1. If one computes the Cα centroid of the stretch 1-59 and of the stretch 101-121, what distance in Å separates the two points?
2. Given the Cα-Cα distance of residue 203 and residue 236 and 0.36 nm per residue of separation, how much length would full extension add, in nm?
3. Ranked highest first by average number of other Cβ atoms within 10 Å, how do 28-36, 57-65 line up?
4. If you fit an axis through the alpha-carbon atoms of helix 243-258 and take the longest principal axis of the Cα set of the chain, what angle between them do you get, 0 to 90°, nearest 10?
5. In 5 Å bins starting at 0, how do the alpha-carbon pair distances of the stretch 93-236 split up by percent?
6. Could you state the principal axis extents of the C-alpha atoms in the chain, from the largest down, to the nearest angstrom?
7. In the Gaussian network model of the chain, springs joining C-alpha atoms below 10 Å, which of 194, 26, 249 carries the largest mean-square fluctuation?
8. Mind giving me the nanometre distance, one decimal, between the label points for residue 176 and residue 78, set 7 Å out from Cα along Cα→Cβ?
Ligand SMILES: Nc1ncnc2c1ncn2[C@@H]1O[C@H](COP(=O)(O)OP(=O)(O)OP(=O)(O)O)[C@@H](O)[C@H]1O
Ligand SMILES: [Mg+2]
């Protein structure tokens with residue numbers, strides 16, 4: 001039996017197809033979020049890689065910010081539930097999940113059975129999200145890939161005190177004009193994102209293992225910053241951008257069995 005999970009986020013669309021609720025037969029990410037083209041392309045690619053057709057899918061669960069925009073989903077579920085489900089499947093020792101996506105950041109506390117104890121979310125502003133890093137990468141005239149490694153050569157952290165993206169952008173421009181190195185600024189940007197997300201994680205009472213997920217977990221600089229703020233190692237989820245879609249596909253399997 002095949003089930004599908006689709007996570008339509010603000011920055012990207014993710015699709016996972018599962019066989020019998022355990023084997024991943026397709027994982028696709030398209031860097032286009034809410035709207036019709038991103039999810040459609042991600043699904044087309046998933047069908048192509050798996051050699052399956054829509055008719056082969058027993059049940060589809062949609063999650064993410066744009067989950068109500070799909071017409072082929074059988075059910076919609078929250079991102080919190082789907083991330084928790086996906087992470088617990090991949091890392092059963094996870095007790096704290098930090099998810100940083102394109103426009104929000106979340107911290108989820110799990111109990112020993114993968115149930116959600118508590119969650120905290122920042123979806124009010126771009127600060128502390130992937131969008132913040134994208135804006136700063138543009139000011140530093142670099143790509144996300146290069147930006148993620150710039151902090152490794154930093155001699156110190158250029159502090160970014162503003163919690164507003166627009167003001168923080170001005171701060172970065174001003175730092176550059178004072179001659180502060182791009183490396184130091186990149187570390188400052190990563191630390192700023194990390195401290196906001198970790199603030200959410202602390203509110204739930206930090207319990208190990210800490211698993212970092214979402215597209216921003218692909219940024220090694222932010223992973224370093226999160227470990228440094230929490231003063232502990234963090235586990236980066238395998239394929240971090242697609243854990244919500246994986247969780248959705250797992251819920252789809254449970255729903256398909258009840259059908
Ligand atoms: N290869 C990469 N290197 C560094 N950062 C990356 C990479 N790919 C994606 N990102 C980061 O991931 C972010 C998008 O994350 P993700 O795809 O989880 O967001 P989303 O689920 O669409 O958004 P949200 O959950 O907030 O609605 C981008 O803003 C970018 O900062
Ligand atoms: Mg997301």
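What follows is calculated from the coordinates using simple rules that are stated; it is not laboratory data. Remember, it's a predicted structure, so these values are computed and weren't measured experimentally. So basically every Cβ, Gly included, is an ideal-geometry build from the backbone, and we count neighbours across all protein chains shown.
1. If you average the Cα positions of each part, the centres end up 23 Å apart.
2. On the way: separation 33, 0.36 × 33 = 11.88 nm, distance 2.06 nm.
Value of the extension gain: 9.8 nm.
3. Working: 28-36: 17.8, 57-65: 24.3.
Ranked from most to least packed, the peptides come out as 57-65, 28-36.
4. 20 degrees
5. It works out to 2, 11, 21, 23, 19, 12, 7, 3, 1, 0, 0, in whole percents.
6. Rounded to whole Å, the extents work out to 62, 38, 29 Å.
7. So, out of 194, 26, 249, the one fluctuating most is 26.
8. Label at residue 176, label at residue 78, 3.9 nm between them.
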